[in-house]
């Protein structure tokens, strides 16, 4: 199954759209697979950094990014987003995957060039609990910039940076 997450509860049809930050990219409907859906258990504009532990992780990066954690996935958000995350309700739209093609296997992104109707809509509350049930560690920090810089100046590759334009400016 593939999913699309939204704060809107009543989308009847998904029409391919151009991505604002990728003008050269064609209009598509975006979806995510079940394995990676946790990365969308947040308010849409919430900046977050996701680090994933893999078998190929170097000792240096294990020490730098996963010290004091047994979790394979760590999501870090800014502390100011805590109330929004606690109170957020999301809607998970389920799609038939036949018109979708894999776009990014690392992130679990799929795209479709066709108008898509959801098969089912799930209301999702208690987002932090959902993360915890998946064994994901959630960290809060006053500012994401130091973690972002540490990642970008390392050779660590298993990360995702979402909505960083909304992070607190330093």
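Read the figures in this text as sums done on the coordinates, not as results from a lab. None of these values were measured; they are calculated from a predicted model. Cβ: placed from backbone, ideal geometry, glycine included. Neighbour counts: every protein chain shown.
Say each of residue 117 and residue 56 gets a label point 7 Å from the Cα, pointing the same way as Cα to Cβ; how far apart are those two points in nm?
4.2 nm
With no solvent and one equal point scatterer per Cα, compute the Debye intensity ratio I(q)/I(0) for the chain at 0.12 Å⁻¹ and report its log10, rounded to two decimals.
Taking Cα atoms of the chain as identical point scatterers yields -0.59.
Among 75-84, 36-45, 56-65, how do they line up by average Cβ neighbours within 10 Å per residue, starting with the highest?
With the highest mean Cβ count within 10 Å placed first, the list reads 36-45, 75-84, 56-65.
Report D for the stretch 31-109 in µm² per second (integer): Stokes-Einstein, Kirkwood Rh on Cα pairs, 4 °C, 1.567 mPa s. Could you put the intermediate results ahead of the total?
Working: Rh = 14.8 Å.
This corresponds to a translational diffusion coefficient of 87 µm²/s.
Using a Förster radius of 25 Å, what is the FRET efficiency between residue 139 and residue 107 based on their Cβ-Cβ separation? Nearest 0.05, please.
FRET efficiency, residue 139 to residue 107: 0.80.
Below 8 Å, C-alpha to C-alpha, sequence gap of six or more: please give me the relative contact order for the chain in percent.
34 percent
So, in Å, what gap is there between the alpha-carbon centers of the stretch 105-170 and the stretch 61-104?
Here the two parts' Cα centres lie 4 Å apart.
Could I have the simple spin-label model distance between residue 166 and residue 1, label points 7 Å from Cα toward Cβ, reported in nm to one decimal?
Output for this residue pair reads 2.5 nm.
What's the long-distance tail for the stretch 8-49, i.e. % of Cα pairs beyond 16 Å?
Here the long-distance tail beyond 16 Å is 58 percent of all Cα pairs in the stretch 8-49.
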